[in-house]
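The next block holds one structure in the form of structure tokens; read it before the comments.
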Amino acid sequence: GDQVEISAISAFNKGTAISKGFDQFVASINEDKNAPVRIRYVGGPEAMPPFQIGNAIKNGVVDMILSTGAFYSNVMPAADSLKLTRYSPQELRAAGKWSQLQQIWKEEMNVHLLAYTNYGNEFHLYTNKPLTSANLEGQRLRITPIYRAFFEELGASVMQTTPGEVYTALERGVVDGYGWTMQGVFDLGWQEQTKYRVDPGFYQADVTVMVNERTWSSKLTKEQRDYLTQKALWLESLNDNNAAISQNERKLQQDAGIQTLTLEGNEKERYLKVAYDAAWRELLDNDEETTKRIKEIID
Amino acid sequence: MEWYIAIGFLFSTLFILMLSGLPVVFAFFCVNVLGAFVFLGGEFGLIQMARNSAEAINSFSLVPVPLFILMGELLFHTGLAQRTISAIERLISAVPGRLSIVSVLGGTAFATLSGSSIANTAMMGSSLLPEMTRKGYHPTMAMGPILAVGGIAILIPPSALAVTLASLGGISISKLLIAGVVPGIMIGVVTLLYVIVRCAMNPSLAPCDHDLKNPKGSKWTPFLKDVVPLFIIFFAVVGSLVFGLASPTESAAFGVVAALVAAFLYKSININKIFVALTETAKLSASILFILVASTTFSQILSFSGATTGLLEAVSNLQLTSIHLVILMLLTLLVLGCFVDQISMIMLTLPFFIPLVHTTGIDLVWFGVLVLIAMEISLLTPPFGLLLLVMQGVAPGSTKLTQVYAAALPFVGLQITVLIVVLTFPNIVSILQVPN
Amino acid sequence: MRILYERTLITMVVASGLTILLMSVMVFLNVILRNLDIASFSWVVELSEYGLTVSTFLAAPWVLKEGCHVSVDVLVKNMTGLKKAILGRLISLVGLGISFILLGLFSYILYHSIHEESLLIKTIVIPEYLILVFPVVSLFFICVEFSIRSFGAEA
Ligand code: NA
Ligand code: NA
């Protein structure tokens, strides 16, 4: 059949931990000479500001994006809720939940939700001030909006900085710690300034590949759509490696001198309950209707 | 469309519009509209471009730009900056080219307080130039040194441009700020030596004056009174960083508050002066940030068009050694710097340069310092040298732009020498770095 | 009319300066309060970011009016009389054209943002139009200024 070229933009820099799976996805399609689809990788944040990526995919300025929900909350306030999923992408698909989500994303974002990457890469609290219970009072933490409500509810004093300044802020003691995914601490050298990682992890990195709806239904043939869906399933199967990758990351962090602080029993339960309750409450405040629909599917 | 057609199309339109005298920011906007229509795709591409523009400067790492400008304007309009100069002036007497030396020392001192080379040049020019002209100084000795040290403000922290460069290029902000200190001082020193040697060889360049004979006692009192407290402002900024009170971005706010407090303690502030300082800050900061709005969007469109990756691949295929690559990049900057302002310079080139620097393993901080020096030089290169235009603005009415060009020329030569020295001895940038 | 126009622009530039002063004081106080362990406001960063956009667009028309936007006027500098006047008006006309297109685009975005009740959701949640209104107002006055320069009595 014919080969069609579609453009793709990522909200993450190529080569970072979050972007790895998608990089492989693009490479494996473009290396396949008989593939019915070619992907023209336009670039990362240097080509499109991450907070504008939602508008770009909605209006078809680009055919495909890789992004997390927090970046396009200006278009779809409830999107960030995917981080709270209790099911893996495979479980979502098997139970028919994925197509329900696809329907919501189609209505809200004008996109076809193609693949869910990075599942299994959980967020953790990293800090230089030890803690023994689910209590963050006295902790000064660098946050992003993804887990601000959670850390604040546990009594932390929070501040925002650009990622480029986190290293200096930790070094000088401007902040005691930060929240980040299990994979990716090494991307910006933060391991040098980190003493402890708090277990358990919370939330999932919710990074999805989306295709503009018009591109999906009009520009692509059924054969091309099926091909991309097969590739999407392969991309999601890479998530299975995340357990092993995270285990390896754990080892690397330990070698870099990051000790593990584990919350157990009641403290662990309270920690996780506050994490999820705070996030749901915030999302319901921003868009009650859609958040409720999503909560019924994934919680 | 092939990348070289895209790049040729975008750049030639941009240069024609710029040279026609349309304000740079609107030249960029023009190209952005054309580029968005062609590369982002019609109507929705245009709308996306506008959205990206509204978002372009929404970044905390740019907050020091207006803050440092406000600090400088407060020092200038409350007269605190001028008091520093006259205090330094009293320390030096009966030396060839006394006022030229004062402008080098004063300009370097102000550079440690100000992040803005424009503010620095405007301040030194308007406070010293009238007196030098009156005493019959040659334009080269009157305007030259002021122009030469004006740019040091971007090398010695605080420096809004260094912060911008570091955040755009993913360079450690604190490391780049510290790395700029030694080259900054080097430029100050060679400028000073040049002035002394030239004036000693040819006294008519700077006619000697004897109207300042102070008894020894009164020399140091104004120095202590007027210079030392200003250095406390410097320490407010640097100290808040070093002692972990504030992030690098936040430390700029300490400078503003310290300047306000100092002006208050020296009883040299009133509501009128604050009003003027605020208006001037708004003007200067908007003229810089508005260009950033347009040029950030331009560089996104450039990436989107495929020109960035195309050029990168082409240059990587040249298989240059890293030193040749650095020289090629610096030459590009210096040529570009003849035509565009500092921020546009880095906005246009960083999308190409930073990936190249990464792939060839060139030290980012060293590269950042070289870029800063190249930016400093281009402040002085005709036809478009920002400081040359500022100088013509503050100089006596009859001064022609060509006279300003001529005055700056020897100092451009000196700074290129410093650039070559830093290029040859990369260790210069790591002298003050704290080892990991 | 002319006086009203100038006063409006001056008010905008003063508001821009005050925004920058406010940002400084806000960031400073936040650092002090955080270090005294009294309070820490995570929205300070976001407000300062918005402050950059707001102050820049507020001051831009006045900067144009004062002729302080950076430009390469080497060619124009050597021209005299009629030639210079004609080129000046021609350039202003190009400026007017481009600003008018941008004004149209931003108005379209603003209209849709109000219509769709778009929100900017970070630590603080604000309606998007609160920010988008500034480029629209700014470009409106920039258009006015370019019109005066293109068609006004004196060049
Ligand atoms: Na400086
Ligand atoms: Na220049």
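The values are calculated or read from the model by the stated rules, or taken from the named source; none is laboratory data. This structure is a prediction, so every number in the text was calculated from the model and none was measured. So basically every Cβ, Gly included, is an ideal-geometry build from the backbone, and we count neighbours across all protein chains shown. These accessible areas exclude ligands, DNA and RNA; they are computed on the full protein's heavy atoms, side chains included. Shrake-Rupley method; radii C 1.70, N 1.55, O 1.52, S 1.80 Å.
With the simple model of a label 7 Å out from the Cα in the direction of the Cβ, C:Glu116 to C:Leu82 spans 5.3 nm.
Straight-line cross-link reach from B:Lys283 at under 17 Å between alpha-carbon atoms covers these lysines, not counting any fewer than eight positions away in the same chain: B:Lys273, C:Lys65.
When you count, for each residue, the other Cβ atoms within 10 Å and take the mean per peptide, how do B:298-310, B:169-181 rank with the highest first? Walk me through the numbers before you get to the answer.
Details: B:298-310: 23.8, B:169-181: 22.2.
The most tightly packed comes first, giving B:298-310, B:169-181.
Viscosity 0.890 mPa s, temperature 25 °C: give me the Stokes-Einstein translational D for chain A in µm²/s, with Rh taken as the Kirkwood radius over C-alpha pairs.
Values: Rh = 19.9 Å.
Taking Rh from Cα pairs, D becomes 123 µm²/s.
Extension gain, A:Ala243 to A:Ala94, is 51.6 nm, computed as 0.36 nm per intervening residue step minus the present C-alpha separation. The spacing between region B:348-375 and region B:29-97, judged by their C-alpha centroids, is 21 Å. Our Cα-only numbers for region A:170-299 put the radius of gyration and Dmax at 19.5, 56 Å.
The listed peptides B:80-89, A:231-240, B:314-323, ordered by packing as a protection proxy, come out as B:80-89, A:231-240, B:314-323 (highest mean of other Cβ atoms within 10 Å first). Kirkwood analysis of region C:2-151, using all unique Cα-Cα pairs, places the hydrodynamic radius at 17.8 Å. Cross-link candidates for A:Lys33: which lysines have Cα within less than 27 Å, leaving aside residues fewer than 8 places away along the same chain? Cα-Cα hits under 27 Å: A:Lys14, A:Lys20, A:Lys219, A:Lys222, A:Lys231.
Distance between the modelled labels on A:Lys292 and A:Asn135, one decimal in nanometres: 3.7 nm (7 Å Cα→Cβ projection).
Which peptide among A:113-121, C:40-48 comes first, and what is the full order, when sorted by highest mean count of other Cβ atoms within 10 Å? Don't skip to the end; give the middle numbers.
Details: A:113-121: 24.3, C:40-48: 21.1.
So the peptides A:113-121, C:40-48, ranked by packing, come out A:113-121, C:40-48.
Using Cα pairs closer than 8 Å and at least 6 residues apart in sequence, work out the relative contact order for region A:21-79, in percent. Display every interim value, and only then the final one.
Working: 37 pairs, mean separation 14.8, N = 59.
This gives 25 percent for region A:21-79.
Largest first, the three principal axis extents of the alpha carbons in the protein assembly as shown are 93, 64, 60 Å in whole numbers. Overall, the accessible surface of chain B at a probe of 1.4 angstrom is composed of carbon and sulfur to the extent of 71 percent.
Can you give the extra length, in nm with one decimal, that the chain gains between B:Ile185 and B:Leu432 once fully stretched, where that is 0.36 nm per residue apart less the Cα-Cα distance? Intermediate results must be reported in sequence, preceding the final value.
Values: separation 247, 0.36 × 247 = 88.92 nm, distance 1.24 nm.
Roughly 87.7 nm would be gained on extension.
Evaluated at q = 0.22, 0.23 Å⁻¹, a Debye calculation over the C-alpha positions of region B:248-368 (equal weights, vacuum) places log10 I(q)/I(0) at -1.28, -1.34.
In whole percent, and with a 1.4 Å probe on the protein chains, what portion of the accessible area of region C:2-151 is carbon and sulfur? Show your work: numbers first, answer last.
Details: 4890 of 6730 Å².
The computed percentage sits at 73.
With a 10 Å cut-off around each Cβ of A:131-141, the average count of Cβ atoms from other chains is 1. For a straight C-alpha distance cut-off of 24 angstrom, the lysines reachable from A:Lys268 (same-chain residues fewer than eight places away being disregarded) are A:Lys83, A:Lys129, A:Lys195, A:Lys251, A:Lys295.
In square angstrom, what is the accessible area per residue of region B:47-93 with a 1.4 angstrom probe? Intermediate values should be presented prior to the final figure.
Values: 860 Å² over 47 residues.
Heavy-atom SASA per residue in region B:47-93 reads 18 Å².
Counting Cβ atoms of other protein chains within 10 Å of each residue's Cβ and taking the mean over peptide C:36-49 gives 5. On the beta carbon distance between B:Ser316 and C:Leu90, with R0 = 51 Å, the FRET formula returns roughly 0.75. Pairs of Cα atoms nearer than 8 Å and 6+ residues apart set the relative contact order; for region B:320-436 it is 27 percent.
Compactness ratio of region A:85-191: Cα Rg over 2.2 N^0.38 Å, N = residue count?
1.34
Dividing the C-alpha radius of gyration of chain B by 2.2 N^0.38 Å, with N its residue count, gives 1.00. Overall, the anisotropy analysis places region A:1-101 in the oblate class: the square-rooted eigenvalues a ≥ b ≥ c of its C-alpha gyration tensor yield a/c not less than 1.5, with a/b not exceeding b/c. Pairing chain B with chain C buries about 5100 Å² of accessible area. This figure sums both sides and uses a 1.4 Å probe. For peptide C:99-111, the mean count of partner chain Cβ atoms within 10 Å of a residue's Cβ comes to 4.
Note on region B:383-405 and region A:144-171: Cα centroid distance 47 Å, given to the nearest whole angstrom. For the protein assembly as shown, what proportion of DSSP beta bridges, expressed in % and rounded to the nearest 5, is antiparallel? Expressed as a percentage, antiparallel bridges in the protein assembly as shown total about 55. Rounded to the nearest 0.05, the FRET efficiency derived from the C-beta distance between A:Lys268 and B:Ile16 at R0 = 60 Å is 0.35. For the pair A:Leu252 and A:Leu188, a Förster radius of 22 Å applied to the C-beta separation gives a FRET efficiency near 0.90, rounded to the nearest 0.05. Region B:254-323 and region C:87-138 have Cα centres separated by 21 Å. Using a probe of 1.4 angstrom and keeping all protein chains present, the accessible surface of region C:2-151 works out to 45 square angstrom per residue. Shown here are the Rg and Dmax of the Cα trace of region A:92-135, at 17.4, 46 Å.
Of the beta bridges in chain A, as assigned by DSSP with both residues counted there, near 55 percent are antiparallel.
Give the accessible surface of region B:291-413 per residue, rounded to a whole number of Å², with probe radius 1.4 Å and ligands, DNA and RNA excluded.
On the way: 3870 Å² over 123 residues.
Result: 31 Å² per residue.
Taking every alpha-carbon pair under 8 Å whose residues sit at least 6 apart, chain C reaches a relative contact order of 27 percent.
Across region B:35-74, the residues whose backbone nitrogen lies under 12 Å from the label position 7 Å along the beta-carbon direction of C:Tyr108 are B:37, B:41-51.
Measuring spread by the Cα atoms of region B:1-125 yields a radius of gyration and Dmax of 22.3, 69 Å.
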